[in-house]
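Contents: one structure, followed by commentary.
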Amino acid sequence: MQLAKAKNAYNIFLYVDIKLDNVVIYLSQSENDNINKEFIDAIMPYNPRKPCPTHYETKEAWDTSNKFYHYSWGTEEPTTYFIGQMVYYSVLNQYIELRMRNTTQVSSHSVHSCKSGLTTHVTCGYVRAFNGIAIDNGLFKIDLIITDMHSYHGDSGDPVYFYSENLDSVSINGILFGGIQTTNSSNDITAILPLDIILSQVKIKPILSL
């Protein structure tokens, strides 16, 4: 991380991968992109692996230029709702809602985790690392959970959860922060912002199904 700071690294993920037993550095650009040339030159003596990624992540919530909507699967554009009787039901029968029974803090590597997203719908994977770091425009975002689940543009902000043993309910543990998609999807990573960090910063209480 100190090297990334010193070389002004731009749009990268850093984490210690439990499966690879090594430090992983994911860049959102190719090695031929000069935007990170100084940082890439500095890490070349360590013989890094070179996947071909596509990077995306959430925009900052405090950026007032953002527009936020509730989308259902298959939604192509936002629908405007007015106060009054609801005549267009946003939760359709073919998209049955999962019951959220509780919230759980992820504490172990290789734990199975899933997300439900607008673009890639439900995908699952395993926890590869804790304390992941994302560097974006000079800002360091820490304490991310890194998984190998597949996700893509439009999935940012998705709920991340575990299924119960009987699969009829879920336990929420975070939201999807962003990720990197590789050309063959075999080395995808998805970063999760833990729910306990979110709840420690905002005065909200999850609404659970009884």
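The values are calculated or read from the model by the stated rules, or taken from the named source; none is laboratory data. Since the model is a prediction, treat every value here as computed from it, not as a measurement. We place every Cβ from the backbone using ideal geometry, glycine too, and count neighbours over all the protein chains shown.
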- Conditions (1) part of a strand (DSSP E or B); (2) closer than 24 Å to Trp73 by Cα; number of the one not met by Asp155: (1)
- Taking Ser110, is it assigned to a loop (DSSP other than H, G, I, E, B), at pLDDT 65 or above and loosely packed, with under 11 Cβ neighbours inside 10 Å? yes
- Task: Tell me, yes or no, whether segment 162-169 has at least one residue that is closer than 23 Å to Lys141 by Cβ and in contact with a Ser or Thr (Cβ under 9 Å, 6 or more places away or on another chain).
- Result: no
- Message: So in segment 153-170, with the set limited to residues that are surrounded by fewer than 17 Cβ atoms within 10 Å (Cβ to Cβ) and touching a residue at least 24 places away in the same chain (Cβ under 8 Å), which one is nearest to Thr190 (Cα to Cα)?
- Response: His153
- Message: Pairs needed: first member in segment 1-17, of a type in the set (S, T, N, Q); second member anywhere, crowded, with 17+ Cβ neighbours inside 10 Å and at pLDDT 80 or above; C-beta distance under 9 Å; at least 6 residues apart or different chains.
- Response: Asn8/Asn36; Asn8/Phe39; Asn11/Asn36; Asn11/Ala134; Asn11/Ile135
- Task: For segment 125-152, enumerate the residues that are of a type in the set (S, T, N, Q), surrounded by 23 or more Cβ atoms within 10 Å (Cβ to Cβ) and part of a strand (DSSP E or B).
- Result: Thr147
- Item | Residue count, segment 1-17 (criterion: in a loop (DSSP other than H, G, I, E, B) and either among the aliphatic types (A, V, I, L, M) or under 19 Å from Ile146 (Cα atoms) (or both)) | 4
